[in-house]
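No value in this document is a laboratory result; all are computed from the given coordinates. The structure displayed is predicted, hence computed values, not measured ones. As a convention, Cβ positions derive from the backbone with ideal geometry for all residues, glycine included, and neighbour counts pool all protein chains shown.
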């Protein structure tokens, strides 16, 4: 089960986040998101945690959501699966077909 963890303090480490979730079961991975792709490497304040067991993941979400970590109230929810054909528009939270509105190349 993939879990989104938001509103994280920028000082949190992967090990600290792993420990929070490990009390509920096995943690396969912890990925803290940062700006490494644009060069600054600064933390973004959110992460993804992967747990192999859905019941353990749901228990972790229920227990950790709204918890205070370093004076920040964190948000924990099940991460949405990624899709190649659709994405969620950040402005409307509606699914958008990435190919909508594109015209096919004409062959004459």
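Which residues among segment 48-74 fall inside the zone where the amide N is under 11 Å from a point 7 Å beyond the Cα of residue 19, along Cα→Cβ?
Counting only backbone N, you get no residues.
Two decimals is fine: what is log10 I(q)/I(0) at q = 0.16, 0.22, 0.23 Å⁻¹ for segment 2-82, from a Debye sum with one equal scatterer on every Cα and no solvent?
-0.55, -1.00, -1.09
Quick check: pseudo-label points 7 Å beyond the Cα along Cα→Cβ at residue 80 and residue 29, how many nm apart are they?
2.1
With labels modelled as points extended 7 Å from the Cα through the Cβ direction, what inter-label distance (nm, one decimal) is found for residue 48 paired with residue 68?
3.1
Ranked from highest to lowest mean number of other Cβ atoms within 10 Å per residue, what is the order of the peptides 61-74, 14-27? Please list the in-between numbers first.
Numbers: 61-74: 13.8, 14-27: 16.0.
Top of the packing list down: 14-27, 61-74.
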